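Peer 1: Have a look at the structure that comes next, please.
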Amino acid sequence: MTVTTAISLRHARVRYGPLEALHGVSLTAPGPGLTVLLGRNGAGRTTVLRALAGTVPLSGGAVVWDGADVTRVPAYERARRGLCLVPERRAVFGTLTVRENLELAAPDFTYALDAYPPLEPLLPRRADTLSGGEQRMLALSRALLARARVVLADEPAQGMSPAVAARTYQLLSGLDACVVVAEQRLPPGLRGAAALVYELRRGSLVFSGEAAELT
Ligand code: ATP
């Protein structure tokens, strides 16, 4: 079954106190497929993911998911409807073991071990003893197990070896979901790919198009 879903920002504004981090951003992430948010540090990529997930309120504009205005739908309710945010930090339960982290997402987690075989020997370890890259694998496995319709991942391949990073993009690209990733640069595996790319600079969009168009 193919999941057809789309999530959008319409003229979205987000403020952190006196600072406006998004100055009226409009973008659409169609699914199934991969949408990449690019930008330097502080450009607003993380804030776009938070706005889509509902973990920051908008000060203007709207979030539209499958044609419905969800701007005032709280984050937990968006999660219940199939939206999964994988933040850059604190994306796993540090005091629980890897096995417990996976079991919380799905009692049968064999799919996660097929996706990321390096997790298998780590099952008894406390999650906060893993390396950064291993924690990313665990966090993404939890998202894969949740069978989300919308997956929002902040720098998913950070801290991973090039081979595991490539595997991660292969997994994300193959998901039957709308997948939005935030990255500083276009991941090598996506050059020339059909992914949709938006580039942010200081809270505004400066590019939108196919990854293949980026030079
Ligand atoms: P980074 O990778 O550095 O997080 P980014 O493109 O994801 O870059 P955002 O994290 O969205 O950028 O930040 C956009 C702007 O909002 C920056 O100026 C940042 O300092 C500010 N900002 C982000 N989060 C907060 C917060 N919780 N409180 C105050 N300001 C914030």
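The values are calculated or read from the model by the stated rules, or taken from the named source; none is laboratory data. Predicted model, so just to flag it, every value in this text is computed and none were measured. Quick reminder, even Gly has a Cβ in these numbers, built from the backbone with ideal geometry, and neighbours come from all protein chains shown. Surface accessibility is based on the protein's heavy atoms, side chains included, excluding ligands, DNA and RNA. Shrake-Rupley method; radii C 1.70, N 1.55, O 1.52, S 1.80 Å.
Peer 1: Counting only residues 5 or more places away or on other chains, whose amide H sits under 5 Å from the amide H of ALA21 once H atoms are built in the peptide plane?
Peer 2: VAL14, ARG15, TYR16
Peer 1: Further question: Considering all alpha-carbon pairs of region 123-215, what whole percent are spaced by more than 18 angstrom?
Peer 2: Above the 18 Å cut-off, region 123-215 has 50 percent of its Cα pairs.
Peer 1: Further question: Helix check for the chain. Which DSSP H runs span at least 15 Å along their own axis by Cα, with a mean Kyte-Doolittle hydropathy no less than 0.0?
Peer 2: 132-145, 162-174
Peer 1: Please work out the Cα center distance from region 63-95 to region 107-169, rounded to the nearest Å.
Peer 2: Taking the Cα centre of each part, region 63-95 and region 107-169 sit 19 Å apart.
Peer 1: Now a separate question. How far is the Cα center of region 181-215 from the Cα center of region 1-55, in Å?
Peer 2: 13 Å
Peer 1: Given the peptides 41-48, 94-101, 114-121, arrange them by the average over their residues of other C-beta atoms within 10 Å, most packed first.
Peer 2: With the highest mean Cβ count within 10 Å placed first, the list reads 41-48, 94-101, 114-121.
Peer 1: Once phi is turned into ³J(HN,Hα) by the Karplus curve 6.51 cos²θ - 1.76 cosθ + 1.60 with θ = phi - 60°, what whole-Hz value does each residue of region 12-27 show in order, with x for glycine and proline?
Peer 2: So the J values, rounded to whole Hz, are 6, 10, 9, 10, 10, x, x, 8, 8, 8, 10, 9, x, 9, 10, 7.
Peer 1: Same structure again: Mean separation of Cα pairs under 8 Å and 6+ residues apart, divided by the residue count of region 25-90: what relative contact order is that in percent?
Peer 2: Once divided by the residue count of region 25-90, the mean separation gives 23 percent.
Peer 1: Cβ under 15 Å from ARG185's Cβ, ARG185 left aside: what net charge do those residues give with Lys, Arg +1 and Asp, Glu -1?
Peer 2: For residues surrounding ARG185, the net value is 0.
Peer 1: Let me ask something additional. Give me the Å³ per residue figure for the convex hull around the C-alpha atoms of region 133-179.
Peer 2: In region 133-179, the Cα hull volume divided by residue count equals 59 Å³.
Peer 1: Roll a 1.4 angstrom probe over the protein heavy atoms and tell me the percent of accessible area of region 59-111 that is carbon or sulfur.
Peer 2: Here carbon and sulfur together make up 53 percent of the probe-accessible area.
Peer 1: Next up: With charges set only on the Cβ (+1 for Lys and Arg, -1 for Asp and Glu), what does the dipole of region 6-142 come to about its Cα centre, in debye to the nearest 20?
Peer 2: With only Lys, Arg, Asp and Glu charged at Cβ, the dipole is about 520 debye.
Peer 1: Could I ask something else about it? From the backbone phi of region 56-72, what are the Karplus-calculated ³J(HN,Hα) couplings (6.51 cos²θ - 1.76 cosθ + 1.60, θ = phi - 60°) in whole Hz, Gly and Pro given as x?
Peer 2: 10, x, 7, 9, x, x, 8, 10, 10, 10, 6, x, 9, 6, 10, 3, 9
Peer 1: Further question: Relative contact order for region 102-215 using alpha-carbon pairs under 8 Å, separation at least 6, rounded to a whole percent?
Peer 2: 19 percent
Peer 1: Okay, moving on. Find which of THR97, GLY54, PRO124 sits farthest along the positive direction of the dipole of the chain, computed with +1 on the beta-carbon of Lys and Arg, -1 on that of Asp and Glu, about the Cα centre.
Peer 2: Final value for the positive-end residue is GLY54.
Peer 1: Using a basic spin-label model with each label point 7 Å from the Cα along Cα→Cβ, how many nm lie between ARG72 and THR110?
Peer 2: Placing both labels 7 Å along Cα→Cβ, they lie 4.7 nm apart.
Peer 1: Order these peptides, 190-199, 13-22, 143-152, by their mean beta-carbon neighbour count within 10 angstrom, highest first.
Peer 2: 143-152, 190-199, 13-22
Peer 1: So, for the chain, what is the accessible surface per residue at a probe of 1.4 Å, expressed in square angstrom?
Peer 2: Per-residue accessible area for the chain comes out at 49 Å².
Peer 1: Please state the relative contact order of the chain as a whole percent: Cα pairs under 8 Å, 6+ residues apart?
Peer 2: Relative CO of the chain lands at 29 percent.
Peer 1: To continue, here is another question. Which value in Å is the Kirkwood Rh of the chain over different Cα pairs?
Peer 2: The Cα-based Kirkwood calculation yields 17.4 Å.
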